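Quick notes on the structure that follows.
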Amino acid sequence: MQDKKTTFIYRIIRWFVWLFSPKFRTVGLEKLPDEACIIVGNHSQMYGPIAAEIFLPGRHEIWCAGQMMHRDEVAAYAFEDFWSFKPRWTHGFFRLLSRLITPLSVCVFNNAHTIPVYHDTRLLTTYRTSVDALQAGRSVVIFPEKNVRRNNILYAFQDKFVDLARFYYKKAGVALSFVPLYVAPARKTLYLGDPIRFDPTAPIAAERERICGRLADAITGIACSLPEHTVVPYRNIRKRDYPKNTPLEVYNDEKTCG
């Protein structure tokens, strides 16, 4: 897999994003395996993808919603995913904003280190492209949360991303590792956790459940082990409603931070 050739406009946009966004550092790089892996993190709204694109060291590709790459699909997807939870009286404004960001979205997501993700028959293309990236030594970064609350750190994971490890094992004969990532904008830090190895001998349904559960527990555990800070949730809610993390002993007793 060759490096993407990016447009001049995208490079200008990327520079401005770098200039005005929090400057993230990464903790736990020694926990990354020597070979390419799948890094799974909390979305933290747009902080997760932006931090992964600009500040996460190493060669990697980021899964992104394929709709954000296609001019005729951006507006509907952006409103539903980003702003449909806002008060109803603001929906007209955010529908207009969804249309206005379409050219920007198409430019950014087609130039960044991204792999489009689809939820129809094109999903096979997502897996094939991801396998090619992994074989080329690039890790794949995934933010798989969906609109189902798990605790005050995470929303539940869509679990089909685990199947990428099965596709890779069939192609390369290597059992990939999944590495948990906690994105903490309040601390301007990306925290990597201990890798979790895919078991190709287990039924895929069981592996989806096991790996998603262990990743979610690991990300929650990292968050709870840190000093108190504001957690940026998956949903685009009012900032005054953002949750806090809680001490590690609460997590150990209750298996949750909230």
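With just the Cα atoms of the range 6-156, tell me how far they stretch along each of the three principal axes, in Å, largest first.
Between the extreme Cα coordinates on each principal axis of the range 6-156 lie 51, 41, 38 Å.
Please list, ordered by chain and number, the residues whose modelled amide H lies under 5 Å from the amide H of residue 114; skip anything fewer than 5 residues away on the same chain.
Long-range HN contacts for residue 114: 62.
Once phi is turned into ³J(HN,Hα) by the Karplus curve 6.51 cos²θ - 1.76 cosθ + 1.60 with θ = phi - 60°, what whole-Hz value does each residue of the range 11-19 show in order, with x for glycine and proline?
Going residue by residue, I get 4, 5, 4, 4, 5, 5, 4, 4, 5 Hz, with x marking Gly and Pro.
Mind checking the dipole of the range 131-170: about its Cα centre, +1 per Lys or Arg Cβ, -1 per Asp or Glu Cβ, Debye to the nearest 20?
With only Lys, Arg, Asp and Glu charged at Cβ, the dipole is about 100 debye.
Could you work out the pair-distance distribution P(r) of the range 62-118 from its alpha-carbon pairs, with 5 angstrom bin width and percents rounded to whole numbers?
Pairs per bin, as whole percents: 4, 22, 28, 22, 14, 7, 2, 0.
Show the residues, 5+ positions off or on another chain, whose built amide H is closer than 5 Å to the amide H of residue 65.
Under 5 Å from the amide H of residue 65: 117.
When the accessible area of the chain is split by element with a 1.4 Å probe, what percent falls to carbon and sulfur?
56 percent
What are the radius of gyration and Dmax of the range 111-158, computed over its Cα atoms and given in Å?
Values for the range 111-158 (Cα only, Rg and Dmax): 13.3, 37 Å.
In whole Hz and in residue order, list the ³J(HN,Hα) couplings for the range 33-47 that follow from phi through the Karplus curve 6.51 cos²θ - 1.76 cosθ + 1.60, θ = phi - 60°; x for Gly and Pro.
Result, ordered by residue: x, 5, 8, 4, 8, 10, 9, 10, x, 6, 5, 6, 6, 8, 4 Hz.
May I ask for the net charge around residue 159, where only other residues with Cβ less than 13 Å from the Cβ of residue 159 are counted and Lys, Arg are +1 while Asp, Glu are -1?
+3
Dividing the Cα convex hull volume of the chain by residue count, how many Å³ per residue is that?
Considering the Cα atoms of the chain, their hull volume per residue is 133 Å³.
Which ³J(HN,Hα) values in Hz, rounded to whole numbers, follow from the phi angles of the range 71-86 under the Karplus curve 6.51 cos²θ - 1.76 cosθ + 1.60, where θ = phi - 60° and Gly and Pro get x?
With coefficients 6.51, -1.76 and 1.60, one gets 3, 7, 10, 4, 4, 5, 5, 4, 4, 5, 7, 9, 10, 5, 8, 6 Hz.
Report the semi-axes of the equivalent ellipsoid for the range 170-226 in whole Å, largest first, where each axis is √(5λ) for an eigenvalue λ of the Cα gyration tensor.
26, 13, 7
What is the projected area of the convex hull of the Cα atoms of the range 40-90, averaged over all directions, in nm²?
That works out to 4.6 nm².
Over the chain, what is the relative contact order in whole percent, taking alpha-carbon pairs under 8 Å and six or more residues apart?
26 percent
Given a 1.4 angstrom probe, what's the average accessible area per residue across the chain, in square angstrom?
About 51 Å² of surface per residue is accessible.
Quick check on my link table: of 188/244; 86/146; 31/146; 31/170, which ones sit more than 20 Å apart, alpha carbon to alpha carbon?
Table pairs above 20 Å Cα-Cα are 31/146; 31/170.
Taking the Cα centre of the chain as origin, sum charge times position over the Cβ atoms of Lys and Arg (+1) and Asp and Glu (-1), and report the length of that vector in debye to the nearest 20.
800 debye
Lys/Arg Cβ at +1, Asp/Glu Cβ at -1, dipole of the chain taken about the Cα centre: which of 223, 68, 52 is farthest positive-ward?
Final value for the positive-end residue is 68.
How much of the DSSP bridge set in the chain is antiparallel, in percent, rounded to the nearest 5? Before the final figure, lay out the partial values.
Details: 9 of 26 bridges.
The answer is about 35 percent antiparallel.
Please list, in chain and number order, the residues 5+ apart from residue 42 or on another chain whose amide H is under 5 Å from its amide H, with Hs placed from the backbone.
Here the answer is 181, 183, since their amide H atoms fall under 5 Å of that of residue 42.
The values are calculated or read from the model by the stated rules, or taken from the named source; none is laboratory data. Nothing here was measured: the structure is a model prediction, and the numbers come from that model. Don't worry about glycine lacking a Cβ; one is built from the backbone with ideal geometry, like all the others, and counts go over all protein chains shown. Ligands, DNA and RNA are excluded from the accessible area calculation, which covers all protein heavy atoms including side chains. Shrake-Rupley method; radii C 1.70, N 1.55, O 1.52, S 1.80 Å.
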